[in-house]
Every structure is written in structure tokens, then in C-alpha cells.
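So the structure is just underneath, and the comments pick up after that.
The values are calculated or read from the model by the stated rules, or taken from the named source; none is laboratory data. Computed from a prediction, not measured in an experiment: that's the story for all the values here. A quick note on method: Cβ atoms are made from the backbone with ideal geometry, for glycine too, and the neighbour counts reach across all protein chains shown.
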Amino acid sequence: QSSGILNGDAVRPLSSHGTLRSSFSDLPSGQQPIQLLHSAILEDAFSKVIREDSSKANGEEGSTPPKKTKDISYRLGQRRALFGKRKQLSDYALVCGMFGIIVMVIETELSRGFYTKESMYSYVLKGLISLSTAILLGLIVMYHAREIQLFMVDNGADDWRIAMNFERLVFIVLELLICAIHPIPGKYVFTWTTRLAFSYAASVTYADIDIILSVPMFLRLYLIGRVMLLHSKLFTDASSRSIGALNKINFDTRFVMKTLMTICPGTVLLVFSVSCWIIAAWTVRVCERYHDAQEVTSTFLGAMWLISITFLSIGYGDMVPHTYCGKGVCLLTGIMGAGCTALVVAVVARKSELTRAEKHVHNFMMDTQIYKKIKNTAANVLRETWLIYKNTKLVNKIDHARVRHHQRKFLHAIHQLRRVKMEQRKLTDQANTVADLAKTQNMMYDLVSELQHRSGELDTRIVALEEKLDSILQCVQSLPVVLSQAISYTFTPGSCSCTTSARGRPCVRGL
């Protein structure tokens, strides 16, 4: 609109003419408007345009019905609905992706020995793959549309293009490219040349181009991580998300996998290892079947044996891949096997550790035993000291052999006492873990807080006592004045109504 300027997400009307005046004055002399016109004429013209635009805007607003106020409850309800729709779209996308992978595996296996790529069955199965791929791409686009709507609801944006940054755009395009790869109907071949492993002879054959388009379809398994994230209790529970937001934790797939590795590490490693074995074995079988005349690695069991010895870093050498495709799969399998082996060692080591309660019991038992050893060694030191004194001072004839024997036992007892005290010191250092130190720190903090509270109460009481003492001091200081006034009032003439006595003496009743 001509009567407003864009400032972020809000439109600010140009209500003051001083802004226009300052904007024109900032221009260079060559770009200023015609200076022959008076400034008042310009101000009147612009004010007339602004009034006309504002009246038109008010007329349009009066003609349209008022919109529903989008308060926080409405936004939360809309956000919850978008969460549910996004979860459903993710589930449907995973179903379509897995359906395409399963049909691809079936078609690849059947086309090897039961029919050719030009048969009707191959066209039907590849058509199903293409149909599931098209549905998958549509679901992915709808999923990201829900993501953009969630971004708009969370940030209060009105234009969806605000959410489309470069990173999000690249991620969407990459995801669509990964999910779009699939074998197309028809028979398409290429010449595949390689050298055999042991004979180093050249092997030339015609291979189907479907092998290049079928193996990358396993990349669709990333949808499993997305579904696990959206169905996780940590992601759907409002309390856990609130605590995570306070602690600045991102609830992503990595966090969910870390949680699963903490809860059930053995199950996660077993499922991951077996899945990698099966996928890698089938991939090696498909890659090697065109150049394996002896059918060593082209069978599924042979490929499983090759992958297992590669995964476990054994490598007997009885089976080797011939093609670069099989060699690459074996290389990735070896890397994953090394990582899984390290994870297994870490999990076994963590499971073998004592719990905190078991550590406390163990430390208590060891402390008791060391305390008993200290008492015994100290008693041995005292005993040998007494025996040395006895054999040197309380006998008529000194037996030097016996004295040397007790002196050796005395030195041995001293060394043993030092060693036991060192063990006690090491046990104390091991018992003081980080958790124990944190607990001790919390206890000290509570104690200091209580002392500060009591000190504040004591200060309050001391201040009240000082005020009372000041009031008592003022009363004591004013006491002589009060006494003097009372005495002077008592000896004032006429203050006593008693008559004089018979002898003419004054009355002493007032005294």
C-alpha cells in the first residue's frame, strides 16, 4: 500500500509529514523535487493522497466481515492438528517406501530366473514401483508443507516464503531425488567390464541398468528414523519437550537413538547389525552375479558368509568380490563392523560396572576390612616395640639374634601400616565420585542457606532489642525530671488540706 511501509512483519502508516520532509531533504540536490513549488503545497498534496488511501482502506475493512481472533489457544490447537497430520503423512510415506523396496527385491529376484525384463510380469511389478514412488513423492511434498505450516504457526508468520531458506530447500530437493530413484519399466542394458579376483582375467558382460537404480532404493530407510522420532514419547509428551526446551536440547533423531542406546543397547545393536548384514549380502549378490561363473558370491548364503567375515574384521580370503560395486559394499561393511564392535565393547563394559548402590556397599565393605587391617598392623607395631624393649632393657643378658628378629618384624609392621593407610586413602578418593561431590555441595548449600536465614532472624531480633533498649534509656533519662516534678508538687504551699497541730507544728502527712 502507498500509505504504509514494510517493517519486518508489521505495516507502519506514514502518519507524520515530518518524515516525508526529512526524506526529501536527505536527497541530493539533483534528485530533489522541483524547488519552485512551495513546501506547503507538497505537504497538502501528500496529505490528500494519504487521506484518500486511508479512507479506501477503511471502506474495504468495513465491507469485509471481521476475522477470527488468533489467540494463543487457537494457535496451540492448530499446532496440535498439524502435528497429527505430519505424523500420519510420515507413516504413509514409510509404508510406500517399504512397499517399493519389497517389490523391487521381488522383481529383481524373479527377473533373474523366472522371466525376462520384457515380460508382462516385469512391467506390472515395475509399474507398482513407479506408482508407489509417485505417491511417496507426493507424501514427502505434503509432509514438508506441514513443516512449513508449523513454522508459520510457531513464529507467527503470514507468508510461507519466509520459511523457505536455502538449507531447507536443498534438503527437500535432496530428499525428493533420493526417493525418486527406482527401476523404470523396460529392458535397458549396459556393458560391464571388470577383472576377476584370482585369475586377473577380463570379464565382459551385459548387465541390466536396473542394478544402478535398485540398490539406491535402500536409502529410503531413513524414513524409519523420522517415524521413530515422531512416535517417540519424548517427542510427543509436552512435559518432556518443555524440560528439553529449558535445557536447550533438540529433539531430533540423534537424541532418540541415544535414548534407545541408553535404554536397550543390546537390542538396538542386534537389529542394526542383522539389518546391515542382510542388506549388504543382497547387494553383493546382485553386484557379483554377472561376473561370478562359479557361483561363489552370487548365492545369498555365500554373500552372507563374505559379509559376516568382513563385518567381524576376520577376512579369511576364501571369498573376495570381483566388481567395484561388491568391493565398495564390503568396504562400508568393514567400517560399520568396526563401529559396531566398538559399541559392543562399550556396552559390555558399561553393563559390567557396578551400580551406585553396589559401589556404596563395596566401598563400605572394603573400608571395614582396611580398618581392621590398620588395627592389626598398629597392634603389631606396639607388640614388636614392647618385645624389643623387653629383650634389651628387662633382661640380664641380651640375645642379639632375638633383638634383630623383633627389629625386622617391627620394620615390616611399620611398612605394612603405611601400605594399608595408602590403600585407605585411595579408597577414599575412589569413593568421592562426581555425584557424591555434587550431593555434598548441595548439602553444604542448604546448610549455608539455613545459616544465612538464621543470621537474618538474629539481626532482626538484635535490632528490635536495640530499639527496646533505646526506649528504656530514654525512660531512665527522663526519670529525674519526673521525680523532681513530683517532689516540687508535694512541697507546694496549700497542696495539703490538713490543719496544724495543737502545738503549731506543720503537718508532715505530705512528707
Within segment 179-202, identify whether any single residue is of a type in the set (Val, Ile, Thr) and either part of a helix (DSSP H, G or I) or over 30 Å from residue 321 (Cα atoms) (or both), and answer yes or no. no
Taking residue 174, is it among the hydrophobic types (A, V, I, L, M, F, W, C) and surrounded by 14 or more Cβ atoms within 10 Å (Cβ to Cβ)? no
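Would you point out which residue out of 429, 367 is under 58 Å from the mean Cα position of the chain (by Cα), exposed (fewer than 11 other Cβ atoms within 10 Å of the Cβ), assigned to a helix (DSSP H, G or I) and among the charged types (D, E, K, R)?
Working: 367 fails: exposed (fewer than 11 other Cβ atoms within 10 Å of the Cβ).
Checking each option against the conditions leaves just 429.
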If you check residue 214 against the conditions, is it in contact (Cβ under 8 Å) with a residue 12 or more places away in the chain, assigned by TED's automatic domain parsing to the domain that holds residue 326 and under 27 Å from residue 289 (Cα atoms)? no
Within segment 294-318, residues assigned to a helix (DSSP H, G or I) and within 13 Å of residue 284 (Cα to Cα) come out as 300, 301, 302, 303, 304, 305, 306, 307, 308, 310
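Assigned to a helix (DSSP H, G or I), of a type in the set (D, E, K, R) and without any contact (Cβ under 8 Å) to a residue 60 or more places away in the chain - does that describe any residue in segment 90-105? Reasoning before the result, please.
Applying the first criterion (assigned to a helix (DSSP H, G or I)) to segment 90-105 yields 90-105.
Checking the rest, the ones that are also of a type in the set (D, E, K, R) come to 91.
Retained after the next criterion (residues that are without any contact (Cβ under 8 Å) to a residue 60 or more places away in the chain): none.
Checked against the condition, which is being assigned to a helix (DSSP H, G or I), of a type in the set (D, E, K, R) and without any contact (Cβ under 8 Å) to a residue 60 or more places away in the chain, segment 90-105 yields no hits at all.
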Filtering segment 189-205 down to residues that are in contact (Cβ under 8 Å) with a residue 60 or more places away in the chain and among the hydroxyl-bearing types (Ser, Thr, Tyr), which residue is surrounded by the fewest Cβ atoms within 10 Å (Cβ to Cβ)? 205
Any residue at all in segment 341-348 that's modelled with pLDDT under 90 and closer than 26 Å to residue 429 by Cβ? yes
Looking at segment 118-168, which of its residues are hydroxyl-bearing (Ser, Thr, Tyr) and more than 21 Å from residue 88 (Cα to Cα)? 119, 121, 122, 123, 130
Complete set of residues in segment 310-339 that are surrounded by fewer than 18 Cβ atoms within 10 Å (Cβ to Cβ) and either outside the structural domain of residue 285 (by TED's automatic domain parsing) or free of Cβ contacts under 8 Å to residues at least 24 places away in the same chain (or both): 314, 315, 316, 317, 318, 327, 328, 331, 335, 339
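Here is a check on your reading of the model: is residue 240 of a type outside the set (Asp, Glu), surrounded by 12 or more Cβ atoms within 10 Å (Cβ to Cβ) and either in the same structural domain as residue 226 (by TED's automatic domain parsing) or under 30 Å from residue 112 (Cα atoms) (or both)? Show your work before the answer.
Working: of a type outside the set (Asp, Glu): yes; surrounded by 12 or more Cβ atoms within 10 Å (Cβ to Cβ): yes; either in the same structural domain as residue 226 (by TED's automatic domain parsing) or under 30 Å from residue 112 (Cα atoms) (or both): no.
The answer is no for residue 240.
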Specify which of the listed residues (118, 109, 167) is charged (D, E, K, R) and under 28 Å from the mean Cα position of the chain (by Cα). 167
Quick check, is residue 184 of a type in the set (Val, Ile, Thr), surrounded by 14 or more Cβ atoms within 10 Å (Cβ to Cβ) and within 30 Å of residue 143 (Cβ to Cβ)? no
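Across segment 148-175, what is the number of residues that are among the acidic types (Asp, Glu) and either in a loop (DSSP other than H, G, I, E, B) or under 14 Å from residue 78 (Cβ atoms) (or both)?
So the first thing to find is which residues in segment 148-175 are among the acidic types (Asp, Glu), and the list is 154, 158-159, 167, 175.
Now restrict to residues that are either in a loop (DSSP other than H, G, I, E, B) or under 14 Å from residue 78 (Cβ atoms) (or both): 154, 158-159.
Here the count works out to 3.
Is it the case that some residue within segment 142-157 is of a type in the set (Gly, Ala, Ser) and surrounded by 14 or more Cβ atoms within 10 Å (Cβ to Cβ)? Please lay out each step first, then the result.
Initially, segment 142-157 is screened for residues of a type in the set (Gly, Ala, Ser), giving 145, 156-157.
From what is left, the residues that are surrounded by 14 or more Cβ atoms within 10 Å (Cβ to Cβ) are 145, 157.
Yes, some residue in segment 142-157 is of a type in the set (Gly, Ala, Ser) and surrounded by 14 or more Cβ atoms within 10 Å (Cβ to Cβ).
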